[in-house]
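Remarks on the structure that follows.
No value in this document is a laboratory result; all are computed from the given coordinates. These numbers were taken from a predicted model, which means no experiment stands behind them. Positions of Cβ are generated from backbone atoms using ideal geometry, with glycine treated the same way; all protein chains shown enter the neighbour counts.
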Amino acid sequence: MKLFATEADITWLKLDSKVFKGETIAKFNDDVLPKLHASYEADEAENAIVRICKNKYCDCTTEDCDNYGRDIVCPKSCAKKAAGCQNQLFEQYRKQKTKCFLVKSSGKKGIGLFAARTIKKNEFIIPYHGEIISKSELQIRKEKYRANGETHTYPFKAGRFCIDPTEYGNSARFGNHSCDPNMHAKSYVVSDRKRGFKAIGFVANKNIRKGTELTIDYGYDYNPETSQRCLCRKRNCKGWIGQPPPAAIDRNDGQNRQTGSKAVTKKIALGSKLMSDCRYVLNKILADLQKAEKTKAGGASTTGNEGAEENLQDAVLE
Ligand SMILES: [Zn+2]
Ligand SMILES: [Zn+2]
Ligand SMILES: [Zn+2]
């Protein structure tokens, strides 16, 4: 399975200096699957087995469906019914030859996701993939990431577990925050994952025009060490990514006023997001190249990422 080391990514790598000038970058390979961390494997919960929809005339796209209506993704075998099954979101996504989004520079916000075509309300856009880890493993990682001084990492609550795309993930990681987002995160029960795990996908919450940036509300609580100013420029912008500091609310100062040192703080924060995005992509490409070298040399293929100097962030998206 390939991660990011595609021809397009290499081209992007060569163009990386242009990213800093806000220019378009090449599309990513997005054929990435979840990776199960040892802490997930060690969890003693049994796997959830989803049953096929019992109504053979149901194509599993309506609220009446046994599974679809309860945010449960049907197992593959459901497709063998007379009416077929369209509730195979993650499988369907993997089979799409062209995705409905592009990954490119979002100027000061770093790398972002953009609509490659018109996207309809409720359309499934992208799964949120990464390493599936336990909550206790997340605590350990948070400490490590904090010690490394990295604030741009995006662990996501996934039921009883977490998805951490810091060292291994797909393009969903590049979805930027907005106070008026056009996507929301939906959680799904999927077959053959441990009970209590929820798969995450970003879904359009409105009709989206081609070229529009695809955004999500990170929903962070305010944290004096990690909270950053927001650059979404929406009318209802709170001025902060997530909740503003309590003092700002008291002073009715939550609005996005870019004056004096605040503007400077914001500039630094966003510059660092850009660096973080680029470092992430570079690490991915290097890890894949090393893996390819090893395979070529006949050595055993490893995850190859243990030494990556990547980090994690305090807040957890939910
Ligand atoms: Zn059904
Ligand atoms: Zn079905
Ligand atoms: Zn905002």
Exercise. Based on what the data block shows, is Asp180 surrounded by 22 or more Cβ atoms within 10 Å (Cβ to Cβ) and of a type in the set (D, E, K, R)?
Worked result: no
For this session: Go through segment 62-98 residue by residue and tally those that are small (Gly, Ala, Ser), on the phi > 0 side of the Ramachandran plot and away from ligand 1 (no atom under 12 Å from the Cβ).
Result: 0
For this session: Take the residues in segment 28-42 that are among the aliphatic types (A, V, I, L, M) and within 30 Å of Phe114 (Cα to Cα), then tell me which one is nearest to ligand 1 (Cβ to nearest atom).
Result: Leu33
For this session: Tell me which residues, restricted to segment 233-249, are in a loop (DSSP other than H, G, I, E, B) and either free of Cβ contacts under 8 Å to residues at least 12 places away in the same chain or touching an Asp or Glu at 6+ places or on another chain (Cβ under 7 Å) (or both).
Result: Lys234, Asn236, Gly242, Gln243
Problem set entry | Conditions (1) among the acidic types (Asp, Glu); (2) free of Cβ contacts under 8 Å to residues at least 24 places away in the same chain; (3) near ligand 1 (Cβ under 8 Å from one of its atoms): number failed by Asp59 | (2)
Exercise. Across segment 31-90, which residue is nearest to Leu138 (Cα to Cα) among those that are in contact with a helix residue (DSSP H, G or I) (Cβ under 7 Å, 6 or more places away or on another chain) and within 8 Å of ligand 2 (Cβ to nearest atom)?
Worked result: Gln88
For this session: Check off (1) outside any loop (DSSP other than H, G, I, E, B); (2) under 30 Å from Ile52 (Cβ atoms) for Tyr168 and give me the number that stays unchecked.
Result: (2)
Problem set entry | Every residue from segment 43-56 that is within 16 Å of ligand 1 (Cβ to nearest atom), surrounded by 13 or more Cβ atoms within 10 Å (Cβ to Cβ) and either farther than 16 Å from Leu89 by Cβ or not hydrophobic (A, V, I, L, M, F, W, C) (or both) | Arg51, Asn55
